[in-house]
1. Hey, can you tell me all the residues within region 28-53 that are assigned to a loop (DSSP other than H, G, I, E, B) and in contact with a strand residue (DSSP E or B) (Cβ under 7 Å, 6 or more places away or on another chain)?
2. I want to confirm something. Restricting to region 91-121 and keeping residues that are free of Cβ contacts under 8 Å to residues at least 12 places away in the same chain and either open to solvent by less than 40 Å² (accessible area, probe 1.4 Å) or of a type in the set (D, E, K, R) (or both), which single residue is farthest from E27 (Cα to Cα)?
3. Go through (1) in contact with a helix residue (DSSP H, G or I) (Cβ under 8 Å, 6 or more places away or on another chain); (2) free of Cβ contacts under 8 Å to residues at least 24 places away in the same chain; (3) open to solvent by less than 50 Å² (accessible area, probe 1.4 Å) one by one and return the number of the condition L63 breaks.
4. Touching a Cys at 6+ places or on another chain (Cβ under 7 Å), in a strand (DSSP E or B) and either aromatic (F, W, Y) or on the phi < 0 side of the Ramachandran plot (or both): does that describe V58?
5. Does L112 satisfy being touching an Asp or Glu at 6+ places or on another chain (Cβ under 6 Å) and of a type outside the set (V, I, T)?
6. With respect to A96, determine if the residue is more than 14 Å from A45 (Cα to Cα), in contact with a strand residue (DSSP E or B) (Cβ under 7 Å, 6 or more places away or on another chain) and among the aliphatic types (A, V, I, L, M).
Amino acid sequence: MVLCKKYFTNRGQDCYRYAMEERFYREQEIARLPAFLPAATYNLAHTLLARAGNCLFVPVRSLRYMAVLDAEEFIFVDSQNKAWVELAWQHFRPQARASLDERVPFEVVHYLPAAAETMKRLSGEFHHALLQLAARQKPDTPATVTLLQPGSRKPHGGTSH
């Protein structure tokens with residue numbers, strides 16, 4: 001069983017936290033296969049996960065699937081069988097790559113017979129879903145850049161010695 005909590009915060013004068021708890025179940029695994037995830041997908045997924053906290057829900061609308069990401073694995077559930085994990089991506093090994101733009105090895109675990117067919121389209125569609133999610137999370141205000149002149153840097157206490 002995978003348990004993931006999602007917290008909702010109402011932005012405004014008063015701040016409320018709402019928690020939603022989702023439970024996912026899996027059958028006995030029927031296949032475990034090696035695979036590679038493109039660097040752009042892996043890096044974006046982990047950036048969004050870091051912003052979200054413990055877990056991240058990513059709707060893959062084109063396939064009618066939901067991806068649920070946490071630090072250890074990405075699981076995928078079909079909208080028709082919402083509580084049952086169809087396949088999971090596990091054991092990511094980013095340390096095996098020599099640079100951040102190299103693909104990341106991992107294992108694909110199939111729990112339902114349809115997983116093999118789903119996996120054929122999932123990698124590209126998942127990346128597209130991550131891009132859509134990232135576009136919605138862009139900050140409302142523009143970033144500012146502070147230029148530091150050589151020698152003008154002060155220690156963290158704000159005082160110079």
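1. Across region 28-53, the qualifying residues are E29, I30.
2. K120
3. (2)
4. So V58 fails the test.
5. Against the criterion (touching an Asp or Glu at 6+ places or on another chain (Cβ under 6 Å) and of a type outside the set (V, I, T)), L112 qualifies.
6. Yes; evaluated as a whole, the condition is true for this residue.
Quick grid of which residues meet (1) of a type in the set (G, A, S); (2) in a helix (DSSP H, G or I); (3) in contact with a Leu (Cβ under 8 Å, 6 or more places away or on another chain):
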residue: V68; (1), (2), (3): no, no, yes
residue: A71; (1), (2), (3): yes, no, yes
residue: E107; (1), (2), (3): no, no, yes
residue: A116; (1), (2), (3): yes, yes, no
residue: M119; (1), (2), (3): no, yes, yes
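The values are calculated or read from the model by the stated rules, or taken from the named source; none is laboratory data. None of these values were measured; they are calculated from a predicted model. Here Cβ is always computed from backbone atoms with ideal geometry, including for glycine, and neighbour counts include all displayed protein chains. Only protein heavy atoms, including side chains, enter the accessible area calculation; ligands, DNA and RNA are left aside. Shrake-Rupley method; radii C 1.70, N 1.55, O 1.52, S 1.80 Å.
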